[in-house]
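The values are calculated or read from the model by the stated rules, or taken from the named source; none is laboratory data. These numbers come from a predicted model, not from an experiment. With ideal geometry, Cβ positions are generated from the backbone for all residues, glycine too; neighbour counts draw on all protein chains shown. Protein only, heavy atoms only, side chains kept; ligands, DNA and RNA dropped before computing areas. Shrake-Rupley method; radii C 1.70, N 1.55, O 1.52, S 1.80 Å.
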Amino acid sequence: MSFLEVKNVSKGYGPPWKRSEILEDINLSIEEGEFVSIIGYSGAGKTTLMSLLAGLIKPDKGTVTLGGKAMSGPGPDRGLVFQNYSLLPWLTVYENVALAVDQVFPKWSTAERKAHTEKFIKMVNLTPATKKLPRELSGGMRQRVSVARTLAINPRVLLLDEPLGALDALTRATLQDEISRLWQEDRKTVVLITNDPDEAILLADRVIPLTAGPKATLGPSIPVTIERPRDRKCVSEDYDFKQIRNEVIDYLLKARDRHKASLSRNLVLPDIEPEDISRGRRLSGGRRGPVRKSEIKRENVEVEV
Amino acid sequence: MSAYCEISNLVKAYPTADGGQAVIVKDFNLRLKKGEFVTVIGHSGCGKSTQLMMLAGLSSITDGGIVLAGKELSGPGPDRGIVFQSPSLLPWMTARENVMLGINQVFFTASKRERAQIAEYYLSVVGLADSVDKYPVELSQGMRQRVGIARAFALKPKMLLLDEPFGMLDSLTRYELQQVLLDLWRKERITAMMVTHDVDEALYLSDRVVMMTDGPEATIGDILEVKFPRPRERKVIMELPDYQKLREYLIEFLEVRAHQRTPFVPQNGADATNIHSADFGAALAAF
C-alpha cells in the first residue's frame, strides 16, 4: 500500500433533489517523498479534492488513508497552504508561525520552540520581517509566512492548494523556485493543486490531470522525468517539457469536449449588412430593409451544443 | 499597400498641474491591411491600451488621426467591436439580451426574426448554445468573455478591438478562448487589433506583432511579422524552430529595447522585421 492512498472516492453536495456530484471515482496513490501535481480547470473540484486529503470533509464513498491508517479528520500530520494565505491579521509573522509550533510541540521548552520558529522564518527568507503584521507584507511575502508555518509543524504530507494563484507572474516564479529548493532539502511528500501547466510540470515528479466537473475524475498520471535541479529557463525550451505540457493540455481539453453533448443544431446567419447609425436611423433612397450582401442570403452552420 | 485602417502621428497627452503636458503616446504610426490580425505588446502602463481606446473612440485623440475604411474616426461607434478585459456585460440582462442590445441598433432595418437569428448564431458558435438565457452571474468568467466575443462579432464591425481579453482567465480557459476567437476570426476575417502582454498569445493569433516602448511618449519600437500558415494549430507552430526564434526576439525586446525610445522606421519598403529562416517551408513540411 502506498503512503497516501485515495480509493474510489466520490463526493457531492446538496440534497438529493438538487444534488451536484463534484468528484467521482477518484483513485490516487502517492509514495513517500514524492511530489505530485494535480492540474485542472477552475471549478473542476480541485479544492474539494484537497479538503478530502486534508480531512476537512469526509468522502461520500471510498477511503483516504495515510501511512496505512484511515483518515478521520484534520490533523498536524498534513500541512495545508491555501491560496488566500489564511494568516491571523492581528499577529506578527513570528506569532503566526509560533502559534502553530506551540500547538504541535507543546512538550518542547520555550527556547526550543523559539529556535524552531526562527529557523523556519529564516528558511523562507523572512527574518527581516519577523515583527511585521500580515497587512504590511506583499502577497508573495504573506504566502511565504504561510509556507513557513506549514513546514514548521513538520507534517508528513504537504498539501498546496493553488498556493501561488493570487500572485503576479514574477513573484510566482520566485516562489516556485523557492518551493522547489525547499522540497529538495527535505523531500517531503507533496500534493500541489494548480491550474498552471508550467508550474505543475516544473515542480513535480508526476502530473495528474483532473477532468472538468461535474463528476470530475483523475486522468492518467504523467511522469516528469526532467532532471533536478530544474532551471526554469532551460526547462521551458526542453523537448520533454513541451511534450508533457501538450499531453496534459490535450487531455484536459479533450476531457472537457466529452462533456458536451454531440447534438447538432442548425443555425442561420442572415447575410445582411449593419446600418450606419452615426446619423440616426435615417435611410437614403427610400430603402426599407437591410442591404443583403450577396445572392446567397443564408448560411447554415452546424454547431455542437 | 492599401491601408484599411491608417493611424497617423497619433498623440495622447494630458495637461499637468504645472501647465505642462504629460505625453503618454507619441509618433504612433501604423497601417493595417483589411483582414489583418495585429497584436500590440508592451509593458503594463506603456500606453498600449490608451492607443487602442483612441481607436475605439473611447479616449480622445490629442493630435494626429485615424482613418478607418476611408473615414476619419471621431468618437465611438458600432463599426468597431470591442472586447474588454472584464466582460462588461449588463448584469440585469441575459447573455442573449446583452448581445441583442447592439444588434437591435445596427440591424434596425432587419426583421425581428433575423435579428434573433444573428444573436443565436454568434452565441452558439462561441459555445453558449445552452446558456443563452442565463444571466452573467450564472456564468463563469470564461463564459462571460465568450458572450463579450459574440457581442463584438454580432455587430459585423469593420474592426475588432481586443483589450487583453484573456488576461483574467486561467491558462486552460485562455487556450480555449483563443481557439474560439481564432475560429470565428478566420470565418469572418475582420481586421483586428489586440492588446496583450502574453508573447505566446501574440504569436499564436497574429499576422504582425507591434512592440511598444515604455511610456512616457510611448511609441512603436519594432514590428515583427508572423508568417505561420493558417489555420494554425498551437501544438504544431510551437514546435517550429522559428517559433522559439520569434519568441526570443519579442522577449528580448520587452526586456531590453522596450526601455529605449527608438521609434521604428520601416526600411526598403518592408513594413515589418522578418526573421524567419529560409527553410521555413521545409520545417513545416516535416510535420
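DSSP beta bridges fully contained in the protein assembly as shown are about 50 percent antiparallel.
Work out, step by step, the length gained on full extension between A:E237 and A:K119: first 0.36 nm times the residue separation, then minus their alpha carbon distance; give nm to one decimal.
Details: separation 118, 0.36 × 118 = 42.48 nm, distance 3.60 nm.
Here the segment from A:E237 to A:K119 would lengthen by 38.9 nm.
The simple Förster model, with R0 at 41 Å and r as the Cβ-Cβ distance, assigns B:E138 and B:A17 a FRET efficiency of 0.35. Using a cutoff of 8 angstrom between alpha carbon atoms and counting only pairs six or more residues apart, the relative contact order for chain B works out to 23 percent. In terms of its Cα atoms, chain A spans 94, 46, 46 Å along the principal axes, sorted from long to short. The local environment of B:V67, defined by Cβ-Cβ distances under 14 Å, has a net charge of +3 under the rule Lys, Arg +1 and Asp, Glu -1.
What value, in deg cm²/dmol to 500, does the helix sum -39500 (n - 2.57) over DSSP H runs of n ≥ 4 give at 222 nm once divided by the residues of chain B?
Working: 9 runs with 101 residues, N = 287.
So the helix-based figure for chain B works out to -10500 deg cm²/dmol.
In this label model, A:D25 and B:R113 are separated by 4.7 nm, measuring between points 7 Å along each Cα→Cβ vector.
The modelled label-to-label distance between B:E97 and B:R189, using points 7 Å beyond Cα along the C-beta direction, is 3.8 nm. In this structure, B:S8 and B:S44 have a Cβ-Cβ separation that, at R0 = 30 Å, corresponds to a calculated FRET efficiency of about 0.70. The modelled label-to-label distance between A:R187 and B:K245, using points 7 Å beyond Cα along the C-beta direction, is 4.4 nm.
Need the full-extension length gain, A:K7 to A:R228, defined as separation in residues times 0.36 nm minus the C-alpha distance. One decimal, nm. Kindly include the intermediate steps, with their values, before the conclusion.
On the way: separation 221, 0.36 × 221 = 79.56 nm, distance 3.04 nm.
Roughly 76.5 nm would be gained on extension.
Relative protection proxy for A:161-170, A:199-208, A:270-279, B:132-141, from highest mean packing down: A:199-208, A:161-170, A:270-279, B:132-141 (other beta-carbon atoms within 10 angstrom).
Note on chain A: helix-only mean residue ellipticity at 222 nm, from DSSP H runs of 4+ residues weighted -39500 (n - 2.57) and normalised by residue number, equals -10500 deg cm²/dmol. Of all the options B:F253, B:F107, B:F228, the one that moves most in a Gaussian network model of chain B with Cα springs shorter than 10 angstrom is B:F107.
I need the calculated FRET efficiency for the pair B:N29 and A:R281, taking r as the beta carbon distance and R₀ as 41 Å, to the nearest 0.05.
Numbers: r = 36 Å, r/R0 = 0.88.
The pair B:N29/A:R281 has a calculated efficiency of 0.70.
With the gyration tensor restricted to C-alpha atoms of segment B:172-253, the semi-axes of the equivalent ellipsoid amount to 22, 16, 12 Å, longest first. For segment B:107-216, the Cα gyration tensor yields ellipsoid semi-axes of 26, 18, 12 Å (square root of five times each eigenvalue, largest first, whole Å).
Taking all protein chains into account, the per residue accessible area for the protein assembly as shown stands at 46 Å² (1.4 Å probe). If the chain linking A:K69 and A:R135 were pulled fully straight, counting 0.36 nm for each residue of separation and taking away their Cα-Cα distance, it would gain 19.8 nm.
Solvent-accessible area assigned to carbon and sulfur over the protein assembly as shown amounts to 52 percent, based on a 1.4 Å probe.
May I ask for the accessible area buried between chains A and B, both sides summed, probe 1.4 Å, to the nearest 100 Å²? Show your work: numbers first, answer last.
Working: alone 17370 and 13430 Å², together 27430 Å².
So the buried area, both faces added, is about 3400 Å².
Counting Cβ atoms of other protein chains within 10 Å of each Cβ in B:106-114 and taking the mean gives 6. Multiplying each eigenvalue of the alpha-carbon gyration tensor of the protein assembly as shown by 5 and taking the square root yields semi-axes of 47, 30, 24 Å, largest first, rounded to whole angstroms.
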